[in-house]
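Undergrad: I have a structure I would like to understand better, so I am pasting it below and will then ask my questions one at a time.
Coordinate-derived values only; no laboratory data. Keep in mind it's a predicted model, so treat the numbers as computed, not measured. Cβ sites come from the backbone with ideal geometry, for glycine too, and all protein chains shown count toward neighbours.
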Amino acid sequence: MATAGAVDGKGTGGTDKMAALKEIYNKLKAEVLEDHAIEVTHESAIQWIDRMMDYNVLGGKCNRLLSVIDTYNILKGADVISQEETFLACTLGWCMEWLQAVYLMLDDIMDNSQTRRGQPCWFRVPQVGLIAINDAIILHNHVPRILRRHFKTKPYYVDIIDLFNEAEFKGVSSQLLDLIITHDGRKDLNRYNETIYRHIAQYKTAYYSFYIPVACALLLAGENLDNFGDVKNILIEIGIYFQIQDDYLDCFGDPELTGKIGTDIEESKCSWLIVQALEHADENQKSILMENYGKSDPACVTKVKDLYKELNLELVFREYERETYIKLIGTIEAQLNKAVQTLLKSFLHKIYKREK
């Protein structure tokens with residue numbers, strides 16, 4: 001097990017920090033592989049699961065994992081955290097990365113995506129195909145087993161389980177709304193609006209990726225989540241800002257940096273850009289959107305992107321980003337707890353003006 005100092009990155013830098021986190025991942029992976037070995041004695045099946053976990057759980061930015069650890073360090077003080085506390089914080093973080101892998105695997109299938117994290121989507125790997133659906137279910141079943149193994153005797157165990165269950169329920173419900181709205185939008189783009197967009201972004205991204213990691217750390221630190229309503233609201237706003245950045249980068253980002261090829265236009269997604277375009281477009285421009293949005297023909301995609309540029313949506317985004325940052329900083333600095341201020345500012349500054 002890594003020491004608190006190593007995982008906290010206070011030793012020789014970020015490389016050592018990630019190596020320490022990878023050690024904990026390997027421990028958790030070995031435990032679930034042992035579980036599988038009892039039920040599935042075929043060696044090739046165990047090797048498949050091993051490879052599938054590494055391919056899908058690893059390779060991302062590990063934002064949720066790092067958020068749990070960073071939050072816990074700020075709340076408790078990195079210098080006084082024990083090895084066991086560090087391990088438990090990392091385990092909660094890795095459980096979130098496990099679930100994120102599940103969502104991405106299934107999302108890529110539903111969106112018919114090509115790449116993820118700079119490599120082919122798992123279902124596009126030769127010999128995988130729709131076996132990826134069962135693989136995602138396998139990964140999903142790992143999480144409660146990991147939590148039970150390491151947290152069952154903890155006083156906050158039920159709260160952790162409730163938190164994960166609530167996050168999953170909100171996430172899959174928003175995914176369904178996203179899919180249904182996308183289906184409706186193919187027939188009538190006017191179904192897309194700011195209210196629908198924020199609802200999807202709040203529960204598909206913000207709640208799960210920003211609030212839940214902090215809530216995990218708060219529970220681990222012995223705090224009552226009912227006392228942190230303002231923190232929850234601020235984190236959700238930061239998360240919505242993150243999703244808007246994602247939508248912007250899907251169109252205007254560099255695939256070499258983002259690690260994926262944007263397909264929101266082709267898939268007729270209810271993205272922030274199309275909502276803004278519909279708000280700013282005149283009737284002639286709306287006709288162009290209606291005729292070309294949601295079509296895979298490269299010429300149609302180019303027409304939509306050209307219209308985005310004509311509407312100065314890059315400038316609209318930059319202005320939104322500037323105003324949102326100022327507003328969030330003001331709300332954060334109104335918090336009385338200095339540790340909470342530090343925590344929230346760290347979240348905001350990690351993503352402000354990001355390019356990937």
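Undergrad: Taking only the alpha-carbon positions of the chain and ignoring solvent, what does the Debye formula give for the base-10 log of I(q)/I(0) at q = 0.08, 0.10, 0.13, 0.15 Å⁻¹?
TA: Log-scaled intensity ratios, in q order: -0.42, -0.66, -1.09, -1.38.
Undergrad: A follow-up question, please. Calculate for the chain the 222 nm mean residue ellipticity that helices alone would give, adding -39,500 (n - 2.57) per DSSP H run of length 4 or more and normalising by residue count, nearest 500 deg cm²/dmol.
TA: Value at 222 nm, helices only, nearest 500: -23500 deg cm²/dmol.
Undergrad: Need one number: nm distance between label points at Ile261 and His199, each 7 Å from Cα along Cα→Cβ, rounded to one decimal.
TA: It is 3.3 nm.
Undergrad: Once you've got the Cα coordinates, tell me which of Lys303/Lys327; Lys305/Lys356; Lys61/Lys269; Lys29/Lys61 are over 29 Å apart.
TA: Lys303/Lys327
Undergrad: Keeping to pairs on different chains or 8 or more places apart, tell me how many lysine pairs in the stretch 109-256 have Cα atoms under 27 Å apart.
TA: 9
Undergrad: Assign one of three labels to the stretch 130-215, namely rounded, prolate or oblate, based on the Cα gyration tensor with a ≥ b ≥ c the square roots of its eigenvalues; rounded applies when a/c is under 1.5, prolate when it is not and a/b is larger than b/c, and oblate otherwise. Intermediate values should be presented prior to the final figure.
TA: Numbers: a/c = 4.24, a/b = 1.80, b/c = 2.36.
Since a/c reaches 1.5 but b/c is at least a/b, the shape of the stretch 130-215 is classed as oblate.
Undergrad: Further question: Could you tell me which of rounded, prolate or oblate describes the stretch 197-356, using a ≥ b ≥ c as the square roots of the eigenvalues of the alpha-carbon gyration tensor, with rounded for a/c under 1.5 and, failing that, prolate when a/b is larger than b/c and oblate otherwise?
TA: Here the stretch 197-356 falls in the prolate category.
Undergrad: In debye, nearest 20: dipole of the chain around its Cα centre with unit charges on the Cβ of K, R (+) and D, E (-)?
TA: Result for the chain is approximately 500 debye, rounded to the nearest 20.
Undergrad: Once you've got the GNM for the chain with C-alpha springs shorter than 10 Å, pick whichever of Thr91, Thr342, Thr71 has the biggest mean-square fluctuation.
TA: Thr342
Undergrad: Given a Förster distance of 41 Å, report the FRET efficiency between Asn26 and Glu291 from their Cβ-Cβ distance, rounded to the nearest 0.05.
TA: Step by step, r from the Cβ atoms, then E = 0.20.
Undergrad: What is the calculated FRET efficiency for Phe169 to Asn284, with r their C-beta to C-beta distance and R₀ = 51 Å, to the nearest 0.05?
TA: Given R0 = 51 Å and the Cβ-Cβ separation, E is 0.75.
Undergrad: Taking 0.36 nm per residue of sequence separation and subtracting the Cα-Cα distance, how much length would be gained by fully extending the chain between Glu85 and Asp54, in nm to one decimal?
TA: Details: separation 31, 0.36 × 31 = 11.16 nm, distance 2.48 nm.
So the chain would gain 8.7 nm between Glu85 and Asp54.
Undergrad: Same structure, new question: Compute the distance from the alpha-carbon center of the stretch 151-177 to that of the stretch 125-150, in whole Å.
TA: 17 Å
Undergrad: Could you tell me which of Pro213, Pro298, Ile238 has its Cα farthest along the dipole of the stretch 197-326 towards the positive end, charges placed at Cβ (Lys, Arg +1; Asp, Glu -1), taken about the Cα centre?
TA: Pro213
Undergrad: Given a Förster distance of 25 angstrom, what is the FRET efficiency for Glu319 paired with Leu177, based on the Cβ-Cβ distance and rounded to 0.05?
TA: Once rounded, the FRET efficiency stands at 0.35.
Undergrad: Another question, if that's okay. Would you please give the residues with an amide H less than 5 Å from that of Arg116, counting only those at least 5 places away or on a separate chain, with H modeled from the backbone geometry?
TA: Answer set, sorted by chain and number: Cys121.
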